[in-house]
1. Where in region 1-107 are the helices (runs of 4 or more DSSP H), entirely inside, with at least 1 residues that are closer than 21 Å to Tyr147 by Cα and not assigned by TED's automatic domain parsing to the domain that holds Gln330?
2. Surrounded by fewer than 20 Cβ atoms within 10 Å (Cβ to Cβ), of a type in the set (A, V, I, L, M) and farther than 20 Å from Tyr243 by Cα - does that describe any residue in region 148-167?
3. Given region 413-456, what strands (runs of 3 or more DSSP E) lie entirely inside it while holding 1 or more residues that are touching an Asp or Glu at 6+ places or on another chain (Cβ under 7 Å) and without any contact (Cβ under 8 Å) to a residue 40 or more places away in the chain?
4. Tell me yes or no: at least one residue of region 135-145 is out of contact with any Ser or Thr (no Cβ under 9 Å at 6 or more places or on another chain) and open to solvent by 30 Å² or more (accessible area, probe 1.4 Å).
5. Looking at region 246-285 only, could you name the residues that are hydroxyl-bearing (Ser, Thr, Tyr) and under 25 Å from the mean Cα position of the chain (by Cα)?
6. Out of all the residues in region 297-316, which are closer than 24 Å to Val399 by Cα and modelled with pLDDT under 95?
7. So, in region 71-86, of the ones that are within 13 Å of the ligand (Cβ to nearest atom) and open to solvent by less than 20 Å² (accessible area, probe 1.4 Å), which residue ends up farthest from Thr124 (Cα to Cα)?
8. Within the bounds of region 43-59, is there any residue that is more than 14 Å from the ligand (Cβ to nearest atom) and more than 23 Å from the chain's Cα centre (by Cα)?
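The values are calculated or read from the model by the stated rules, or taken from the named source; none is laboratory data. The structure presented is a predicted model; accordingly, all values stated were derived computationally and were not measured. Note that we place each Cβ from the backbone using ideal geometry, even for glycine, and neighbour counts take in every protein chain shown. Quick note on the areas: whole protein, heavy atoms, side chains included, nothing else; ligands and nucleic acids left out. Shrake-Rupley method; radii C 1.70, N 1.55, O 1.52, S 1.80 Å.
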Amino acid sequence: MTTDDFLSLAATRWPAADLAHLKQAVAFATMAHHGQLRKSGQPYVTHSLATAATLINLGLDIETVIAGVLHDVPEDTSHTLDEIQQQFGSTVAFLVGGVTKLGTIKYRGLARYVENLRRMFIATAQDVRVMIIKFADRQHNLQTLQYLPADKQLRIARESVEIYAPLAHRLGMGEMKGQLEDLAFPYLKPTEYAWVKRLVGERYDQLEKEIETMKGRVDRALRQADIPIVSIHGRRKYLYSLYEKLQRPENRGDITSITDLIAIRIIVPSVAQCYNALGLIHQLWRPWPKRFKDFIAQPKPNGYQSLHTTVFGPLGQPVEIQIRDQAMHQAAEFGVAAHWHYAESGKPVAGQQVHPKLEWIKELSEWKKEYDSEEQYLEALKIDALHKRIFCFTPNGDVIDLPEQATPIDFAYHVHSDLGQRCVGAKVNDRIVALDTELRSGDVVEIMIDKKRRRPNRDWLQIARTQTARARIRRALRESGS
Ligand code: MN
């Protein structure tokens, strides 16, 4: 990306008068990175501008975009964060500092890596824009991954899929998650990537004609019913997410069993019109039994909202249809970046409260205390925090969110260590179950306790799926000397 391209993109968002600082940042980064080249042979600043351009396209404010332009200055040049603070203010300096890695002096190897992650989580909990800059940075690094040596390609691809994509998912940034995974996929699993590419190539031609016909009929039906249409479009499933779905036992690698390879996405102005549109769709095509999901009334754990239904299409094949209003669409595309609550003027960073929705990120940074080693912390991070989540309830209706496959033992320890220690049994939805039962979203879990009991069973180490529960069990076993 050239400076001219970048500034004309910025000019589509902000009037010339507001661009002075941004231009100054571009000049500063160009000067600071002068003479540095990317592995691709391009001037280094092209990476800074590409990162910042992604932030413009995500709809972020101008301070974040300025921080995007400057994000590699303190780490890779002789210019410091102090200079950035003096020239661009404390908010920009805070954002740049959040994505800047520590020097090598105090920490090395894995310890340094984990420490950098932790610092980024702390900064993100204060201001989520830090993580969004990191995503934009990572996206461009993945786009230019072919220029790096194979071992680095694999490391960056793996980290993107194991850490950054799940973080994007938990922040509700579905598009970002899909893009990061699909960019990493060919490097992470080249054979599988080639296989999935070949499978979809054959199916898409067939499906796309059917989708075009269906879009036309939906368009007419909505117009006749006076439901305004914001947009109707076919969306292709991301390849990595398709690959994961093909791995499930019920699909066994059979692409014809995937019903949302292309989904029709209908955006209408209001929630009421979503339900009206759904009724019309079900009159046009017969709904597939048990495939209707109302994520408007019951949003997914990360806040995703939409109506999903699968119908028998004109050729008798299942076709998924997604219906949502514009706010839901924005939220699904851009997640936390969509309902951006910082005023364009920018609030002072100091003393800012952690947004309740970001509490979990703060916990990620505090977690390390519970583990004996960096390896354990990283495993816990991947499994507990970034795996797909389910939501269960205490009998009082409090929500406890856990990774998939969690058991009542995990549930007990996540509520409180004491509840875990005293656990003797569990009821799920009023029925007594074994302690190794896998919980599902929506389960009401009641832990039965013995007040005299003070320590866990050693067997629970096998039953617990979360590292949090295991760490607490291990600690209790150590403290009780057993
Ligand atoms: Mn960078």
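1. Of the helices (runs of 4 or more DSSP H) lying wholly inside region 1-107, those with at least 1 residues that are closer than 21 Å to Tyr147 by Cα and not assigned by TED's automatic domain parsing to the domain that holds Gln330 span 45-57, 73-76.
2. yes
3. Once the strands (runs of 3 or more DSSP E) in region 413-456 are filtered for at least 1 residues that are touching an Asp or Glu at 6+ places or on another chain (Cβ under 7 Å) and without any contact (Cβ under 8 Å) to a residue 40 or more places away in the chain, what remains is 423-428.
4. Scanning region 135-145, I find at least one residue that is out of contact with any Ser or Thr (no Cβ under 9 Å at 6 or more places or on another chain) and open to solvent by 30 Å² or more (accessible area, probe 1.4 Å), so the answer is yes.
5. Once the filter is applied, which keeps residues that are hydroxyl-bearing (Ser, Thr, Tyr) and under 25 Å from the mean Cα position of the chain (by Cα), region 246-285 yields only Thr259.
6. Of everything in region 297-316, those that are closer than 24 Å to Val399 by Cα and modelled with pLDDT under 95 turn out to be Ala297, Gln298, Pro299, Lys300, Pro301, Asn302, Gly303, Tyr304, Gln305.
7. Among those residues, the one meeting the criterion is Val73.
8. no
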